[in-house]
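The values are calculated or read from the model by the stated rules, or taken from the named source; none is laboratory data. Predicted model, so just to flag it, every value in this text is computed and none were measured. Positions of Cβ are generated from backbone atoms using ideal geometry, with glycine treated the same way; all protein chains shown enter the neighbour counts. Please note that ligands, DNA and RNA were not included when accessible areas were found on the heavy atoms of the full protein model with its side chains. Shrake-Rupley method; radii C 1.70, N 1.55, O 1.52, S 1.80 Å.
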Amino acid sequence: MLPPAPPGVVPYIAGWSEERLLTCPITRRRMAPGIAYTDETPYDRDSFGVLWARYALRPKQRRGSPQLRNVHPYRQRRAMLNMMCQVCSRMPPDPHGPHLFLLRDSVGPIREGERTTSPPVCVPCAGISIQLCHALHGGRFVAAWARHVPAWGVVGPLHHPLTLQPVPGCHMEQVKYGSQWAPWVRAARTMVELRGVTPADLDREFAALGRDRLEEEFARVAEVTAVA
């Protein structure tokens, strides 16, 4: 039932060689505890007030080569905020859910309240991902629909409240919004919590679309994700 995945698909959230971390001096925040940039703008913080790492953001033709093992913080954050497909960037048919999440199978089925930094996928991109993503090969994946996906926190390096220097060994820490460490993290990923979880039968989802529709969707994804 599942057509072969088109080659060369580069997910929307993937990093690229010319979109690197920008060097920005860190200072102490003036009006509240925490870290800040010396030239901070309103775009440097999310709606919870957490400071975000600055990465270069370039047009596709100037991004260089894809780095599939890396994730671009801005695009990951945008995908999570809008529940966009992490592969083709398609907006959800219903912003209120449910949303399909596809994760590597490490501890069994996706559980109620599980946290993840992996944005949702649309059904066709799930079919592409289980074929092309090495982490999911051989059926090493779990899938579920989540009715509610509230923001839980962020993942990123912590900075010491006294020295403002990165804390050794705390390069990608999970930090809950509103916690004591939230003012001292420089976020690189949004982390959400999955609520109203229902296991997803991907074979049934693929069958419901049908092979012809899947082939059309695969061609669409190949076009929108193609390297310029």
(1) open to solvent by 20 Å² or more (accessible area, probe 1.4 Å); (2) of a type in the set (A, V, I, L, M); (3) over 21 Å from VAL50 (Cβ atoms); (4) out of contact with any helix residue (DSSP H, G or I) (no Cβ under 9 Å at 6 or more places or on another chain): which one isn't true of ILE130, the others all being true? (4)
Being basic (Lys, Arg), in a loop (DSSP other than H, G, I, E, B), modelled with pLDDT under 95 and open to solvent by less than 50 Å² (accessible area, probe 1.4 Å), is that true of even one residue in the range 42-59? no
Mind checking whether some residue in the range 78-95 is within 10 Å of the chain's Cα centre (by Cα), closer than 19 Å to VAL155 by Cα, open to solvent by 60 Å² or more (accessible area, probe 1.4 Å) and among the basic types (Lys, Arg)? yes
Condition set among the polar types (S, T, N, Q) and over 21 Å from the mean Cα position of the chain (by Cα), scope the range 178-192, selection surrounded by the most Cβ atoms within 10 Å (Cβ to Cβ): answer is SER179
Restricting to strands (runs of 3 or more DSSP E) lying wholly in the range 99-179: which have 1 or more residues that are closer than 29 Å to ARG29 by Cα? 151-156, 173-176
Which one is modelled with the highest pLDDT, of the residues in the range 193-228 that are open to solvent by 60 Å² or more (accessible area, probe 1.4 Å), among the hydrophobic types (A, V, I, L, M, F, W, C) and not in a helix (DSSP H, G or I)? VAL227
Pick from the range 20-41, criterion of a type in the set (D, E, K, R) and out of contact with any helix residue (DSSP H, G or I) (no Cβ under 9 Å at 6 or more places or on another chain), ranking: modelled with the lowest pLDDT: ARG30
Out of (1) surrounded by 12 or more Cβ atoms within 10 Å (Cβ to Cβ); (2) touching a residue at least 12 places away in the same chain (Cβ under 8 Å); (3) within 26 Å of HIS134 (Cα to Cα), what's the single condition that is false for GLY108? (1)
Single condition LEU68 does not satisfy, out of (1) over 18 Å from PRO7 (Cα atoms); (2) open to solvent by 10 Å² or more (accessible area, probe 1.4 Å): (1)
